[in-house]
Amino acid sequence: MLSRLSIRDVVLIEKLDLDFSGGLGAFTGETGAGKSILLDSLALATGARADSSLVRFGAKQASVAAAFSIEPENPVFAFLDEQGIEFEVGEPVVLRRVVTADGKSRAYVNDQSVSASLLRQIGDELVEIHGQFATHGLLNTATHQNVLDVYGGLDALKRATAAAYRAWRAKTDERETAARELDKARAEEDFLRHSVDELSRFDPQAGEEKELSDRRAMMMNSEKIAEGLNAARAALSDDSLDRALRLAQRQLESLSKYGEGRFDAVIESLDRVMAELNDDAAQIETFCDELDFDPRAQEQVEERLFGLRALARKHQVDADALPDLLADLERRLNSVERGGDDLIRLTKEEEAARLSYLETAQTLSAAREQAARKLDGAVARELPPLKLEKATFKTQIERLPESLWNANGVDRVEFTASTNAGQPLSPIAKIASGGELARFMLALKVNLAAAEKIPTLVFDEVDAAIGGATATAVGERLARLAKDCQVLTITHSPQVASFGAHHFRVQKSEIEPQKVVTAVVELNDADRREEIARMLAGAHITDASRAAADELLKNRMKPV
C-alpha cells in the first residue's frame, strides 16, 4: 500500500508529507482547494507524463516521492530484481519523479535512476487511479484476459496451456528446420553426390598429410641421406674398433682376479657397448636397404600429397578434416534419400502437438466462459444500488484465428458495457465519462480486487452527480473494497466520506500576500464531525448538520 507521499513545489503545494494506513482514506475540501493536485502528484510519481505546468511558480523544479509498503511475495520484487534495481524485502519501495521548470524530468526507484517507462511499469503494479482521464488498469483491454483468469482461479489451466503451446511451437520449429535442410540438401544433391564420390575414391586418412610430407622430404634428400648412411655403416664396420674394445675387455678380465671385483662393472659396460654397436650397425644396414631411390615412387607420393591438399582447398578445410567432411556429406546425402520420411514423421508429430494444445486451450476457454458468467452476474448485482440500474455488463470472449493463438490460449477477452437500455455494448473505456465511469469501475473492482491484487486503488469523485442512497451505496462498496486493498477516494459526498477509516481535509490558504498554498491535514474525530457537517450544510454549519454528521459517522462501520 501507499505508506507515504512527499510533495515539493507542485502547483500550490510548497511542502507536504502525508502518511497513510490501510483501509479507506477519504479526501474532502472545497472546490478548487487542490484535491486534484494530490492525484496529479501521485500520478507523476508513478510514471504519468511530466508537465512543466506542475512546477510551482517561482520554483526551479517539482518533486514527488511515493513510498509503498508491500508484501514480500509481491511480484514487484521479482521485477525489480530483473531490472537490477536494489531493494530490501520488508523496506518500502520508493518511486520518485523530478520535473524542472523547463519540462525535463528524471525518474528514480529506490534512488536509482530509471526511465519514465520503467517507472510507469512499476507504478502500474502498485497503484491504480480511476479518474476522468484514466487509461490503464481495467480500461486497458490487454489486461482483461489475465484479470478474468485470476478471478476464475485458472492458473493451473493457464500453465498447462502455456506448456502445450511451447511443445507445439518447438515441434513446429523442428519440422520447419528439417524442411529447410531437406530443401537445401535437395538443391545440393548433385554436388553432394559428386563430392562423396570424389572423396570416397580418394579415401583421405587422418594424419596422412604429415606422413606424405615427411616421406616426400626424405625422398627429395635421398642422395644426401644415402651418403651419410653409408659413411656411418663404414665407420661401424671398422674391425679395428671392435678389436680395440675386445682387447680392453680381455685385459680387464685377466686382471679381475686381482681387483676383487672392482673391474666387473667396466667389463659389463664394454660388453653392452659392443652389443649396442652391433645393433646400431644392423639398424643402419636396414635404413640403407629401405632407402628408395625410385623416382616413380617419389612422383606417386607427391601426386597423393598434392591431391590431398587440393581437396582440402576445394572444400575449405584442413587436410586432416577431410575424413570428417566425407562423413558429414554422406549424412547429408542420406538425409535427402530418407528426408521425406523424416519430414512426414515430424509433420505428424507437429499436428499431434497442435491438437494437444488445442484440447487444453479449449478446456481453458470453457473455464473462462464459466468465470465470465459468474463475473457478469456479480457485477450486475452491484449496478442498481450505484444508480446504474439501466446499465449492462458483459465479458466478451472471442475465438482468435489460428495465426494469433498463443501461450495464453485461443481467446480474446474484453469487458464491455452499456449504460442505457437498448444501447449496444462497447468497451468499458468508451461507455461513459467522469463519475458514471468511476462507479462502473467500482462495481467491477468490488468483485475483482482480491483477484487483481493491486495494493492501492484511487477513485476520483466516484460520487459525482449522485447523492442520498446512491452515495451511501458508493461509500459502502468503497469500504468493502478496502478490506482487500488500500482505497483512497476524493469525494464531495458526506455519505462517502463518512465511511472512511481515515479522513483528510484539503484546504487552500493565503499564508502571505500574493502567496496561496494548499495544505492537507488528517482529521481527528471532532474535526471530522465538523468537516462532514460543513459538507452537509455548506458555509454555515448548524446543530442540525452536526447531528446529521453524527448519524452518518455512527453508521460508517456498519457491516454490509
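Brief remarks follow.
- Scattering from the range 184-337 was approximated by placing one identical point on each alpha carbon and applying the Debye formula without solvent; log10 I(q)/I(0) at 0.11, 0.12, 0.20 1/Å stands at -0.67, -0.72, -1.14.
- Nearest-20 debye value, the chain charge dipole, Cβ charges on Lys, Arg, Asp, Glu: 4400
- Distance-filtered residues of the range 28-62 - backbone nitrogen under 11 Å, label point 7 angstrom along Ser115 Cα→Cβ: none
- Estimated inter-spin distance, Arg262 and Ala297, nm [label 7 Å along Cα→Cβ]: 5.4
- Top positive-direction residue, dipole computed over the chain with Cβ charges, set Ser200, Ile284, Val273: Ser200
- Mean separation of Cα contacts under 8 Å, 6 or more apart, over the residue count of the chain: relative contact order %: 21
- Annotation: for a label point projected 7 angstrom from Cα along Cα→Cβ of Ala160, residues of the range 394-437 with backbone N closer than 19 Å are 406-411.
- Sorting Phe499, Phe415, Phe20, Phe287 from the fewest to the most surrounding beta carbons within 10 angstrom yields Phe287, Phe20, Phe415, Phe499.
- Per-pair calculated FRET efficiency, R0 = 25 Å: Leu255 and Glu285 via Cβ, rounded to 0.05: 0.10
- Extension reserve of the Glu402-Asp320 stretch, reckoned as 0.36 nm per residue once the Cα distance is removed: 24.5 nm
- Plainly put, the range 451-559 has a radius of gyration that is 1.01 times its Kirkwood radius, both from alpha-carbon atoms, as the Rg/Rh ratio.
- Relative contact order, percent, the range 184-337 [alpha-carbon distance under 8 Å, six or more residues apart]: 51
- Highest average first, the peptides 38-49, 105-116 ordered by how many other beta carbon atoms sit within 10 Å of their residues are 38-49, 105-116.
- As a proxy for reagent exposure, Tyr357, Tyr258, Tyr151 were ordered by neighbouring Cβ count within 10 angstrom, fewest first; the result is Tyr258, Tyr151, Tyr357.
- Point-to-point label distance, Met274-Asn230, nm (Cα→Cβ direction, 7 Å offset): 3.0
- The order of the peptides 465-476, 173-184, 371-382 by mean Cβ neighbours within 10 Å, most packed first, is 465-476, 371-382, 173-184.
- Sites Ala429 and Asp342, calculated FRET efficiency, Cβ-Cβ separation with R0 60 Å, nearest 0.05: 0.75
- Label-to-label distance, nm, for residues given as Ala59 and Ala179 (7 Å Cα→Cβ offset): 6.2
- Helix 543-554 and the long axis of the chain differ in direction by around 40°, with both axes built from C-alpha atoms.
- Surrounding net charge for Ser426, when Lys and Arg each add one and Asp and Glu each subtract one, Cβ distance under 12 Å: +1
- Size estimate for the chain follows the Kirkwood approach: the inverse of mean 1/r over distinct Cα pairs works out to 32.3 Å.
- Near Arg477, once Lys and Arg are set to +1 and Asp and Glu to -1 for all other residues with Cβ below 10 Å from its Cβ, the sum equals +1.
- Projecting the Cα atoms of His315, Leu333, Leu212 onto the dipole axis of the range 184-337, where Lys and Arg carry +1 and Asp and Glu carry -1 at the beta carbon, places His315 farthest toward the positive end.
- Helix-only [θ]222 nm of the chain, DSSP H runs n ≥ 4, -39500 (n - 2.57) each, per residue, nearest 500: -18500 deg cm²/dmol
- Using the Cβ-Cβ distance between Arg246 and Ala217 with R0 set to 51 Å, the FRET efficiency works out to roughly 0.80.
- Sum of side-chain charges, Ala361 neighbourhood, beta-carbon under 12 Å (Lys, Arg +1; Asp, Glu -1): +1
Here, each number is a calculation from the coordinates, and none is a lab measurement. Only a predicted model underlies this, so the values are computations on that prediction, with no experimental measurement involved. Cβ sites come from the backbone with ideal geometry, for glycine too, and all protein chains shown count toward neighbours.
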